[in-house]
1. Would you confirm, using the coordinates I've provided, whether residue 20 is modelled with pLDDT under 95, under 11 Å from the mean Cα position of the chain (by Cα) and on the phi < 0 side of the Ramachandran plot?
2. Which members of region 23-51 meet the condition of being open to solvent by 100 Å² or more (accessible area, probe 1.4 Å) and at positive phi?
3. Mind listing whichever residues of region 5-22 are open to solvent by 100 Å² or more (accessible area, probe 1.4 Å) and of a type in the set (A, V, I, L, M)?
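The values are calculated or read from the model by the stated rules, or taken from the named source; none is laboratory data. Note that the structure is predicted; figures quoted are calculated from it, not measured. Heads up: the accessible areas ignore ligands, DNA and RNA and are worked out on the full protein's heavy atoms, side chains in. Shrake-Rupley method; radii C 1.70, N 1.55, O 1.52, S 1.80 Å.
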Amino acid sequence: DIRAGAALVIAGLVADGVTEVRGVAHIDRGYERFDGQLRELGARVQRREAGAL
């Protein structure tokens with residue numbers, strides 16, 4: 001689940017438009033600061049609170 005979730009995020013980075021990935025608890029558990037590390041590489045990643053649109 002951890003690697004599959006990370007793969008979904010990576011796929012979303014190369015896709016056109018906006019990609020929303022929900023249920024990122026598995027990614028958080030397996031990868032420390034995953035979103036921050038992607039930002040350091042130049043990715044435009046946003047983390048939102050559950051339920052916020």
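1. Answer is yes for this residue.
2. Scanning region 23-51 gives a single hit, 33.
3. If the condition is that a residue be open to solvent by 100 Å² or more (accessible area, probe 1.4 Å) and of a type in the set (A, V, I, L, M), then 8, 14, 18 are the ones that fit.
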